[in-house]
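The values are calculated or read from the model by the stated rules, or taken from the named source; none is laboratory data. These figures come from a predicted structure and were not determined experimentally. Quick reminder, even Gly has a Cβ in these numbers, built from the backbone with ideal geometry, and neighbours come from all protein chains shown.
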Amino acid sequence: MSSWLKIDNLNKHFDGVKALVDFSCSLDKGEILGLIGPNGAGKTTLFNVLTGFIAADSGSVVFCDVYLHKKPAHRIANLGVARTFQDLRLIKQISVLENVLLSFRKQPGENLANTFFRAGRCRKVEAENKDAAYSILGKAGLAEKTNSLASDLSYGQQKLLSLVCCLVSDADLLLLDEPVAGIAPAMIEQILSIITDLPKQGKSVIIIEHNLEAVRQVCNRVVFMDAGEKICEGTPQEVHNDPRVIEAYLD
Ligand SMILES: Nc1ncnc2c1ncn2[C@@H]1O[C@H](COP(=O)(O)OP(=O)(O)O)[C@@H](O)[C@H]1O
Ligand SMILES: [Mg+2]
């Protein structure tokens, strides 16, 4: 049986920089794959290619039997691929709830004809989205912050909110770029427990993270990359014990 997500021989150069070099990897449904490697290894570039933010020079990506290569970002999002960003990209001047509501994929009110001719249906979906937003904000421990401006949240809470926004897009494949970097240990546990639950909801995850302990806790499998290349792959233990990984993380 073919893999659910299959990445084959991706190459991406930026002028002289080789960001991806014959990078191949696959993911099965329900897996949580860790992607580790030093700064500049090409991890975020891989996410940019998978989500259609940039096009690879060569290689292919097949997700649920559909070629993603050269598809625009909005088509890929509609196929069920969502991501978070290292720099969060929340809308800071609006409330926590409004950030979440903007992230739902099902928004009939975005279509002007719908707002005129199917106003009842629009209101129903909006009410459903609002209920779902309250529920997920509650589970994430952000219930009391629902009406706060996103800018008033702590950095850890903002990271949690960006994860919530990614989750409500209802995507099957979630690409999380450093979800626990730079935040306090208590908040890390909260974020990791949300991530650990995702396979039970039929979701698969690729998580970029420098925190190797977090990777060990949540990932079934880990890929270590450097200078655009996959250097090794295996269980978290196997990868952590690889001399090339130890050397990179001791530097
Ligand atoms: N849009 C871009 N334009 C030019 N160079 C880029 C761009 N995106 C990434 N790079 C370069 O590609 C390499 C890999 O970057 P990146 O994928 O962000 O690494 P990582 O996420 O592993 O830290 C780096 O040398 C970076 O400077
Ligand atoms: Mg990065």
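What to note about this one:
- Matching residues in segment 16-54 - criterion: being among the polar types (S, T, N, Q) and free of Cβ contacts under 8 Å to residues at least 24 places away in the same chain: 26, 39, 48
- Residue 77 meets all of the listed conditions (1) closer than 22 Å to residue 3 by Cβ; (2) small (Gly, Ala, Ser); (3) free of Cβ contacts under 8 Å to residues at least 60 places away in the same chain but one, namely (3).
- For segment 150-160, the count of residues that are under 15 Å from the mean Cα position of the chain (by Cα) and among the aliphatic types (A, V, I, L, M) is nonzero.
- Residue match in segment 34-56 (condition: surrounded by fewer than 16 Cβ atoms within 10 Å (Cβ to Cβ) and basic (Lys, Arg)): no
- Of 159, 145, all but one fail to be within 22 Å of residue 102 (Cα to Cα) and at pLDDT 95 or above; the exception is 145.
- Residue count, segment 15-50 (criterion: farther than 19 Å from residue 245 by Cα and either modelled with pLDDT of 95 or more or more than 9 Å from ligand 1 (Cβ to nearest atom) (or both)): 17
- Test for residue 12: is it within 13 Å of ligand 1 (Cβ to nearest atom) and at pLDDT 95 or above: yes
- The residues on offer are 188, 195, 206, and the sole one that is surrounded by 14 or more Cβ atoms within 10 Å (Cβ to Cβ), under 22 Å from residue 101 (Cα atoms) and of a type outside the set (Ser, Thr, Tyr) is 195.
- Which numbered condition residue 234 fails, given (1) within 16 Å of ligand 2 (Cβ to nearest atom); (2) surrounded by fewer than 22 Cβ atoms within 10 Å (Cβ to Cβ); (3) small (Gly, Ala, Ser): (1)
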